[in-house]
Every structure is written in C-alpha cells, then in structure tokens.
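All remarks here apply to the structure that follows.
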Ligand code: HEM
C-alpha cells in the first residue's frame, strides 16, 4: 500500500469510529431523556438520579469524542456546523450538570437539556457531512475559532437558563398552592432555584457579546467589513438584544415576574432561530433569500 | 471661555427635573427602544437587505407595495431605524450621566438613611471590651480577608468592600456601549469601500468610485488617492482534498452507524481545495516604495487609513483556434462563443501554484484548466459535455477545430475600505468585554456590620451583599468563622513570637 493509501484508510477508520461514537453519545442523551420523562410521569426520584448519572457518562464519552475529532482534524473541533452542533450538545449538558450538582433531587430541567443535546447530535449526524475537510481560506482564522466556541457556549448556557425558567413557571402555582414539595421543589428552595436562571443568563451574556465581537473582528479581517446585516448576524443581534432586555427587566421591580421570564424564554427562541431557523420566517412568508452568506 | 460660561449658566437642575429628561433617564425607556430596534432587526432578517427590487420581485418576493413604501430592502438606512438608534443613544447618554452622578456621590459617602437588617450574628468569644473587639474585627476583615473600609457617616455601622466595584464596572461597559454606537455612526457617515483588480507587474492608481455619506451630502466627487499599488506576485495554494464516500439519505447513515458499511475517503486525481491566495504588494508614493507586504485572506494591508483585503482573483485565458494568429481572451467560468462551433465553450478554474499533498509533501502544479462544451437542445435544455483537462499549449478538438490554450493569466482582486469607525469600535469593544467580564465573572463583596453587647459578650451583626459569579457568600462566612476562632484561641506564651 502506498503512503497515501495508508493515510486515507487510517483516516477512514478513525472517521468510522468517530461516527459510531457520536451515535452512541446521541443514544445516551436519548436514554437520559427517557429517564427524565419517567421521573416527570412518576414523580419518583430514582429515574431522575439515574438520568443524571447517565448524563455524566454521556458527557465524558462526548468529551472523548471531541478530543478524537481534534486529533483527527488537527484543528479546533468546532469549525463546521457538524462540529459546532456536537460542541453545543456537549456544552449544554456539562453546563446543566454543573448547576445541577448543588440541587437535591431536582431533575426536571434535564428534559429540555437532554432533548436539545440529543436533537443537536441527531441533526448533525443525519443532515451534515462528517468529513474532515480542509477549511476554505476565510475560515482559517483564530477569530473564527473563538467566535464559534464562545457563541455556542453561550447558547448552551441559555438553554439551561431557559429550562430552569420553564420548570419554575410550570411548578410555581402548584408549589405555592399546595405548599408541598413537587419534583424536589418547595416553598423554601423555589426562588433560589429560579435565581439560577438569571445567573446563567448573566453568565452567558458576556460570552455571546464576545461571540458577536469576535465574529465582527473576523469578518473585518476576512472581508473588510465588520457587519453586513446578513440574517445570521442579525438574528444573533436580536438574541443579544432580547437578553439585554431580560437582564434589565430583572432590575425593574414591576417587570421582575412574568415579563422577565417571558423575555428569557423569547431569548431562547431567538437563539434557536440564530442557528437553525435563520431563513425559516422568510420562507414561511414566501420571501426569497438573496443573501450572500445565508445558510 | 464664552462657551464655558454659557454652559455654566444653563439651568442644569431644571433640565434634570424636566419630565421628558426623566423619562429618558429610565431603564424602562431603554427596554422600549431596544424592543423597537428588535422590530427593525426582524424585518432586516426576513427581507433580503441591499437586494435589488427587480431581483426581489423576479424571485417571487411578495408584499411588494409594503416593500416599496417602507423601503424594506434597505431597512437599516430608513429614517425610522436611524431615529430609533439615535433615541437609544440619547437614552444611554443620559443614563450614563445620571449613573455617574450617583456613583460619584456614593463614593464619598454612603447614604445616611441606610436600613441595617443583619443576616448573620456571630458571638465573639474574644474576651475583650466591645471597642477592642471592634478593632479586632476590623483587622480581620482588612488584613486577613482583604476588605477596604468605606467612609461612612454613621459611627456604629461599618461598611467594607472587596473586589472591583461592580457599579463602576457596569457604568464602564455601558459607556463602552455608547462609544460603540459612536463607532457605528462614524462608519455610517465616513466609510466607503471599493474593489480593484491588479495584474502582476502593473502599477495601479486607486480611484474609488464609491463615496461616503458625508461627501455625498456635500456633493463632493471621489478623489484619486495619492499613492500607487503594485502587485509583484500573485500566489495560489491548494490542498489535496479527499472526498468522503458517505450517503446523504438517513437510512444509509443509520446503516453505517450499525457497522453494516464503512465511510471511505477517496482521492480523485483532480481534487483541489483552495488553501490560500496571497498578493505580494508594494505601495509607491512619488517614486519611492513606502510599504511592502504579502497579504492573504485574513491578513490585510493598511496604509493612510485605507485597508486592502485579499478578496478574490480573476483568471483569464487566451484561446487559439487552429492556427489563427488572433486568439480569443476569456475569463474562467464565462461562456465563449466561437464561430463554427455548435455550442459554447466554458473553462473551469485555472489550477496553478503549489499543491499541498495529503501525505505532507508539496508539488508544483502543472497549470491546467478543464474545458466543457455547453449546448442547448431543441426544448431549450442545456447539456454540458466535459471535454477534459487542458494544459498550457495543450489542444483538443471540437467539430474538427483545434482549440489550444496559449496563455494563462491571473489577477488579484482586492477590496479596499476606509472606515474610521473600526478603531473606535475595537477599543470600545475591548473595554466593553473586559468591564463586562470583570462585572459578571468576578467577585465583589460589600459587608455592613455592627457590634453589639449581648448577654455580656460582644456580638458581630453582619449583612453581606455579593455580585459576580465568583462571589461566594458561604466561603466568606467560613473564612470569617475560621479567623474568629483563631482569635479566640488562647495565646501560647511558650511559643516564640
Ligand atoms: C445597548 C444597550 C444596553 C445593553 C446591551 C445593556 C446591558 C446591560 C446588562 C447586561 C446589564 C445587567 C448586568 C449588570 O447588572 O451589570 C445591565 C444593567 C443595567 N443597565 Fe444596561 N444596557 C444597555 C442600555 C442601558 C441603558 C440605555 C440604560 C439607562 C437607563 C441602562 C441602565 C442599566 C442599569 C441601571 C442596570 C442595572 C445595573 C445594576 O444591576 O446595578 N442600560 N445593562
């Protein structure tokens, strides 16, 4: 076998291992989701705890997968949508596990977290090419690497923030009415639990700000224009602005309750639009996309 | 001097009490303006910006009368958007000013009407008078825990802080946002950009056809720049690019996951992925070379406020038919009609320069292009017939005509831009990020405490306020308890001091 053939068959082998590992990770997230759903249906803590333990396993395996991809591509592992979806799924799960470690028997936010992590993995596996390809010249930039890494990290944090917000809003009436614990939440810990949502959004905001800043710095170096009102850029600005309103509304006494929570959830929806629904609204209204870099 | 006196004579207090001013100094107003801007952003994300109206209509775009009336293809230049952005800037300026006044007065004295409701009470087992205990506690907070004392008018209550003041940081990054808005404004008014195509060895003068908004509004014409640009060399580099044999349909992908098939990288002979394109440039002023640089994508050249970017390249080839001394000149990916040939000739990208091979080696590419013949059938459908690879002086035959390539030429396409907003944005962006990161990720503590005698023993009554992700109230309490315990330990007289 020639040298080149050896390289190609080695790369093909590593890719085959990587793809199967990625499917395994998606499967683990799926099992976690089922366990959390059983917890929701039965109100028993056992399945919830098992879900979290399983999620640790998923996150550790996924970390191995990301390292393998880094070794395979000899570059930062978040430069194509296939890679950044994987990065997003991993960071969402690890961000969740990090805040979850201080809770006692609260598992409901795990439902949205694992659903999205699994969804992101499946979307990457089923619709994107897993090939490790040479990057086109404009993508060969440190700014671009930071841009993707931090923007997606902020999205991950916003997912966890939103899942806490949704659980809080749905559980609050019954906890307040019945004064009895529901899914590990009671009158004593409900507000502290909810506070995590704000803290996470606050944590994600500078990351998203840096994501946008580095994106602009990259565009400025690559194309000589830091901002082009391309739909993806615009949606990230919308997400940023909605979260700015959310953070502000937490300082306005009359907006602190439902209005603020609504802004947090809206921010999450805008974030989803940024990376999968950029042209969805336009398509829904039958408006053609004539943008240069629209994906 | 006159202006200063005039400014001083303005009734600032009156203005600050004005209803409209107060409305502009409110956080709610900022949220409303931000909400209005979101409305514009959503329109801008839905309707293709900068698209030509005719193209929009031809591609089936609806809501035409709305699009025309509200200028929806250019929404970020409409008066509505510009007014909303300006109102937010005014709002932010007023807020920054007001917050500054509050912070300045706060840094001198802390409000007198402070309500002190302690969160924690610690008995001080120190065996001293209340006054001495006060000194010891102060010492612990200052020396051992790194707090600094704040001036406070009330004797019994002490206030100390640790970490970067989160209020000043918040103020700082809001001010940085204001500077960013100023940077955007500078770009909007003064930036212009254009493109220039350079052929190797030619000195080109630069005369932008585009003009910035400022000059446009004054009716000024674009000026030729006072320097010339020479392209010494244009370099292209390619990566050998293996294609992945991998199915697009979901079921087959699942089959691969189950191990029923394997993905395979295959190397077709002509698989080239652009690695880089570079231009060796010289800037000439008068008769002197004032600057030399090899620019590439992501690494531009700046001179006198103008930045030149490697945008693209243009490839030209000279095609000879039989032995005709006059050759045709055409660009790659353009259709060429040649008399006597049924159909149109089209040449693909010229591959030249260096190839970086998968096995780590490099190779000089023997310049070539790929030719194709495009024919239209009776129903108007186009058919493309691949004719194969053509190297320099190589030939191929179509309808008994010999087609030969006599010359390959590459030109570098540079875009250039003047934008005084960029440095402002750069520095205010960096400040914004640093201040925001310190505020959000850092740790800031304020403690308010009082000592009280209870049951014959001094007690520390404490209230803690924290800001920043790293601030940890529990850790602070633990450290405090530890220090208090240390002070409570009897001193060992045998131990040398
Ligand atoms: C583009 C515009 C703006 C952005 C992105 C923005 C961003 C933020 C963020 C992220 C926070 C919360 C984090 C923190 O507490 O430090 C915040 C807080 C705040 N903002 Fe803004 N802001 C903007 C405009 C304004 C304006 C126009 C005002 C003027 C009223 C304002 C006044 C405040 C105040 C008073 C706080 C509370 C600070 C505190 O917690 O002590 N902001 N802003």
Could we say that residue A:115 is modelled with pLDDT of 95 or more, under 12 Å from residue A:90 (Cα atoms) and away from chain B (no Cβ under 14 Å) here?
-> no
Single match in B:422, B:430 (criterion: part of a helix (DSSP H, G or I), within 12 Å of another protein chain (Cβ to nearest Cβ), touching a helix residue (DSSP H, G or I) at 6+ places or on another chain (Cβ under 9 Å) and without any contact (Cβ under 8 Å) to a residue 12 or more places away in the chain) | B:430
For the subset of the range B:328-348 comprising residues that are part of a strand (DSSP E or B) and without any contact (Cβ under 8 Å) to a residue 12 or more places away in the chain, which member is surrounded by the fewest Cβ atoms within 10 Å (Cβ to Cβ)?
-> B:337
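Residue-wise test of (1) under 23 Å from residue B:446 (Cβ atoms); (2) modelled with pLDDT of 95 or more; (3) surrounded by 13 or more Cβ atoms within 10 Å (Cβ to Cβ).
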| site | (1), (2), (3) |
| --- | --- |
| B:87 | no, yes, yes |
| B:104 | yes, no, no |
| B:109 | yes, no, no |
| B:112 | yes, no, no |
| B:117 | yes, no, no |
| B:121 | yes, no, no |
| B:129 | no, no, no |
For residue B:221: the one exception among (1) touching a helix residue (DSSP H, G or I) at 6+ places or on another chain (Cβ under 9 Å); (2) closer than 29 Å to residue A:22 by Cα; (3) not in a strand (DSSP E or B) = (2)
For the range B:214-222, does any single residue satisfy the condition of being more than 16 Å from the ligand (Cβ to nearest atom), surrounded by 15 or more Cβ atoms within 10 Å (Cβ to Cβ) and in contact (Cβ under 8 Å) with a residue 60 or more places away in the chain?
-> no
Any pair with Cβ under 6 angstrom, 6 or more apart, that starts in the range B:85-103 at a residue that is farther than 14 Å from residue B:179 by Cα and within 14 Å of another protein chain (Cβ to nearest Cβ) and ends at one that is within 7 Å of the ligand (Cβ to nearest atom) and modelled with pLDDT of 95 or more = none
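One line per residue, one yes/no per condition, for (1) assigned to a helix (DSSP H, G or I); (2) modelled with pLDDT under 95; (3) under 18 Å from residue A:118 (Cβ atoms):
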residue: A:58; (1), (2), (3): yes, no, yes
residue: A:78; (1), (2), (3): no, yes, no
residue: A:84; (1), (2), (3): yes, yes, yes
residue: A:87; (1), (2), (3): yes, no, yes
residue: A:92; (1), (2), (3): yes, no, yes
residue: A:95; (1), (2), (3): yes, no, yes
Tally the residues that are over 23 Å from residue A:200 (Cα atoms) and either outside any helix (DSSP H, G or I) or facing chain B (nearest Cβ under 9 Å) (or both), restricting the search to the range A:251-283.
-> 5
Would you call residue A:177 farther than 21 Å from residue B:469 by Cβ and over 17 Å from the mean Cα position of the chain (by Cα)?
-> yes
Unique residue being surrounded by fewer than 22 Cβ atoms within 10 Å (Cβ to Cβ), away from every other protein chain (no Cβ under 14 Å), modelled with pLDDT of 95 or more and in a helix (DSSP H, G or I) when the list is A:212, A:166 = A:166
Would the range A:188-199 turn up any residue that is in contact with a strand residue (DSSP E or B) (Cβ under 8 Å, 6 or more places away or on another chain), buried (at least 17 other Cβ atoms within 10 Å of the Cβ) and within 10 Å of chain B (Cβ to nearest Cβ)?
-> no
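Conditions tested, residue by residue: (1) in contact (Cβ under 8 Å) with a residue 60 or more places away in the chain; (2) more than 9 Å from chain A (Cβ to nearest Cβ); (3) touching a strand residue (DSSP E or B) at 6+ places or on another chain (Cβ under 9 Å).
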| position | (1), (2), (3) |
| --- | --- |
| B:267 | yes, no, yes |
| B:271 | no, yes, yes |
| B:274 | no, no, yes |
| B:289 | no, yes, yes |
| B:293 | no, yes, yes |
| B:296 | no, no, yes |
| B:306 | yes, yes, yes |
For the range B:286-323, how many residues meet the condition of being over 25 Å from the mean Cα position of the chain (by Cα) and surrounded by fewer than 17 Cβ atoms within 10 Å (Cβ to Cβ)?
-> 11
Hey, any hits in the range B:400-409 for a residue that's without any contact (Cβ under 8 Å) to a residue 60 or more places away in the chain and over 30 Å from residue B:139 (Cβ atoms)?
-> yes
Determine whether the range B:190-200 contains at least one residue that is closer than 21 Å to residue A:237 by Cα, crowded, with 16+ Cβ neighbours inside 10 Å, at pLDDT 95 or above and more than 14 Å from the ligand (Cβ to nearest atom).
-> no
Is there a residue in the range A:235-250 that is touching a helix residue (DSSP H, G or I) at 6+ places or on another chain (Cβ under 9 Å), under 27 Å from residue B:81 (Cα atoms), at the interface with chain B (Cβ under 10 Å from one of its Cβ atoms) and more than 16 Å from the ligand (Cβ to nearest atom)?
-> yes
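So that you can scan it fast, the table gives a plain yes or no per residue for (1) within 14 Å of chain B (Cβ to nearest Cβ); (2) part of a helix (DSSP H, G or I); (3) closer than 21 Å to residue B:259 by Cβ:
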position	(1), (2), (3)
A:25	yes, yes, yes
A:47	no, yes, no
A:55	no, yes, no
A:64	no, yes, yes
Is one or more of the residues making up the range B:452-466 touching a strand residue (DSSP E or B) at 6+ places or on another chain (Cβ under 9 Å), within 14 Å of another protein chain (Cβ to nearest Cβ) and within 16 Å of the ligand (Cβ to nearest atom)?
-> yes
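The values are calculated or read from the model by the stated rules, or taken from the named source; none is laboratory data. All of these numbers come straight from a predicted model, not from anything done at the bench. With ideal geometry, Cβ positions are generated from the backbone for all residues, glycine too; neighbour counts draw on all protein chains shown.
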